[in-house]
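Have a look at the structure below, then the notes.
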Amino acid sequence: MPQVTARELVAFLKKQGFTEDRQTGSHQTLRHVERGVSVTVPIHSNCDIGRGLAARILRDSGFSVEDYLRLR
């Protein structure tokens, strides 16, 4: 898993059909209505998301790391 920023991860998820549901502080929740899946992405300026956390967010949203690398 490469280093990704929150902005890159959110852009990928939106491209895959997720929409902004809500934001509480520095955490944005995205929802995919058809799948019934919600994921929360921490948005901290000038910081990358850890590789493990990014992989976990992708897995929770129904994608693998390979899917991310192929579709981004």
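The values are calculated or read from the model by the stated rules, or taken from the named source; none is laboratory data. What you are looking at is a predicted structure, and each value in this text was computed from that prediction instead of being measured. Heads up, the Cβs are rebuilt from the backbone with ideal geometry, glycines too, and the neighbour counts pull from every protein chain shown.
What the table below lists for this structure:
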quantity	calculated
Cβ pairs under 8 Å, 6+ apart, first in the range 3-16 and hydroxyl-bearing (Ser, Thr, Tyr), second surrounded by 12 or more Cβ atoms within 10 Å (Cβ to Cβ) and not in a loop (DSSP other than H, G, I, E, B)	5/48; 5/49
Exclusive hit being of a type outside the set (Ser, Thr, Tyr), modelled with pLDDT under 95 and in a helix (DSSP H, G or I), set 7, 59	7
Residue check, residue 41 assigned to a helix (DSSP H, G or I) and under 11 Å from the mean Cα position of the chain (by Cα)	no
Residue match in the range 50-70 (condition: among the β-branched types (Val, Ile, Thr) and closer than 20 Å to residue 2 by Cβ)	yes
Count of residues meeting criterion [touching a strand residue (DSSP E or B) at 6+ places or on another chain (Cβ under 7 Å) and under 23 Å from residue 70 (Cβ atoms)] in the range 38-55	5
Those residues of the range 10-38 which are assigned to a strand (DSSP E or B) and surrounded by 13 or more Cβ atoms within 10 Å (Cβ to Cβ), in sequence order	21, 23, 27, 28, 29, 30, 31, 32, 37, 38
Selected residue (criterion: modelled with the lowest pLDDT) from residues of the range 14-32 that are of a type in the set (Val, Ile, Thr) and under 17 Å from residue 44 (Cα atoms)	24
Where a residue in the range 57-72 is farther than 12 Å from residue 12 by Cβ and its partner, wherever it lies, is part of a loop (DSSP other than H, G, I, E, B), with Cβ under 9 Å and at least six apart	62/16; 62/35
